[in-house]
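Visitor: One structure follows; several queries about it will come next.
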Amino acid sequence: MQIAENTVVVIDYTVTTPEGELIDSSSQSGEPLTYLHGAGNIVPGLEDALTGRRVGDSLQVSVPPEQGYGKRHDELVQVVHRDQFVGIEQMEIGMQFQTEAEGEVHIVTVTGLEGDEVIVDANHPLAGETLVFDVTV
């Protein structure tokens, strides 16, 4: 059976930077990834590359930012006052929070702390990155 829209697909994968730095791997969790093809559950560049593949196929695909987590947008980095984080005693770089803007929920990551100012980034952590996927169906 070929991978097509509305097919349940199971893959083992490793994701690295073009320089070979490990980002993620299904071997870390010990479980392959199961997803519904065509439902937008994985990055578009990988989903496109998997279309038409069969069980046992292996492939390596380089996914540019536009087909991965998108380009970085500087306007998604903001400085907010520390008092906006009610109930958070200890603020640390790398912490993530949910925010709501214009009816949409966003995840922001704390990327800097400067006195009473907190620098948050609403870009996906992998935005702007080319991703290299090694996949076995």
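The values are calculated or read from the model by the stated rules, or taken from the named source; none is laboratory data. It should be emphasised that the depicted structure is a prediction, and the values quoted were computed from it without experimental measurement. For neighbour counting, all protein chains shown are included, and Cβ atoms are generated from backbone atoms with ideal geometry for every residue, glycine included. Calculation scope for accessible area: heavy atoms of the full protein, side chains included, ligands and nucleic acids excluded. Shrake-Rupley method; radii C 1.70, N 1.55, O 1.52, S 1.80 Å.
Visitor: GNM on the chain, C-alpha springs below 10 Å: top fluctuator among E66, E47, E19?
Guide: E19
Visitor: Hey, what did the chain get for relative contact order, percent, Cα under 8 Å, at least 6 apart?
Guide: 33 percent
Visitor: Hey, another quick one. Dipole size in debye (nearest 20) for region 1-53 around its Cα centre, Lys and Arg Cβ +1, Asp and Glu Cβ -1?
Guide: Details: 1 positive and 8 negative charges, 39 e Å.
Here region 1-53 has a charge dipole of around 180 debye.
Visitor: What dipole magnitude, in Debye to the nearest 20, does the chain give about its Cα centre under +1 on Lys/Arg Cβ and -1 on Asp/Glu Cβ? Kindly include the intermediate steps, with their values, before the conclusion.
Guide: Numbers: 5 positive and 24 negative charges, 125 e Å.
The calculation lands at about 600 debye.
Visitor: D for region 25-92, whole µm²/s, Stokes-Einstein with Kirkwood Rh over alpha-carbon pairs at 20 °C and 1.002 mPa s: what number?
Guide: Working: Rh = 16.0 Å.
Diffusion coefficient, whole number: 134 µm²/s.
Visitor: Efficiency by 1/(1 + (r/R0)^6): what FRET value for I93 and S58, r their Cβ-Cβ distance, R0 = 25 Å, to the nearest 0.05?
Guide: Numbers: r = 38 Å, r/R0 = 1.50.
The calculated FRET efficiency here is 0.10.
Visitor: Roll a 1.4 Å probe over the protein chains and send me the accessible area per residue for region 2-137 in Å². Don't skip to the answer; put the middle values down first.
Guide: Details: 8490 Å² over 136 residues.
I get 62 Å² per residue for region 2-137.
Visitor: Lys and Arg at +1, Asp and Glu at -1: add these up for the other residues within a Cβ distance under 10 Å of T16 and post the number.
Guide: Working: positive: none; negative: E19, E21, D24, D134.
Combined, the nearby Lys, Arg, Asp and Glu give -4.
Visitor: Follow-up question, since we're still on this one. Using alpha-carbon pairs under 8 Å, 6+ residues apart, how would you state the relative contact order of region 1-80 in percent? It would help to have the intermediate numbers written out before the result.
Guide: On the way: 90 pairs, mean separation 24.4, N = 80.
Answer for region 1-80 is 31 percent.
Visitor: First select every other residue whose beta carbon is under 15 angstrom from the beta carbon of E114; then total the charges, Lys and Arg +1, Asp and Glu -1. The partial results should precede the final answer.
Guide: Working: positive: R82; negative: D83, E92, D116, E117, D121.
The answer is -4.
Visitor: Quick one: what do you get for region 81-137 if you divide its Cα Rg by 2.2 N^0.38 Å?
Guide: Taking N as the residue count of region 81-137, the ratio is 1.46.
Visitor: Per the helix-only calculation at 222 nm, which mean residue ellipticity applies to the chain, given -39500 (n - 2.57) for every DSSP H run of n ≥ 4 and division by its residues, nearest 500 deg cm²/dmol? Show your work: numbers first, answer last.
Guide: Values: 2 runs with 11 residues, N = 137.
Rounded to the nearest 500, it is -1500 deg cm²/dmol.
Visitor: While we're here: Please go through region 71-125 and write out the trypsin sites (Lys or Arg not before Pro) that DSSP classes as loop and that have at most 13 other C-beta atoms within 10 Å.
Guide: Numbers: sites: K71, R72, R82; in loops: K71, R72.
Sparse-neighbourhood loop trypsin sites (Lys or Arg not before Pro): K71.
Visitor: May I have the extent of the alpha carbons of region 1-117 along their three principal axes, as whole Å values ordered from largest to smallest?
Guide: The Cα atoms of region 1-117 stretch 56, 33, 26 Å along the principal axes, largest first.
Visitor: Could you compute the net charge surrounding G45? Neighbours are other residues with a C-beta less than 13 Å from the C-beta of G45; K and R count +1, D and E count -1.
Guide: Working: positive: none; negative: E47, D48, E66, E129.
In short, -4.
Visitor: Still on this structure, please answer the following. If one computes the Cα centroid of region 83-110 and of region 1-50, what distance in Å separates the two points?
Guide: About 29 Å separates the Cα centre of region 83-110 from the one of region 1-50.
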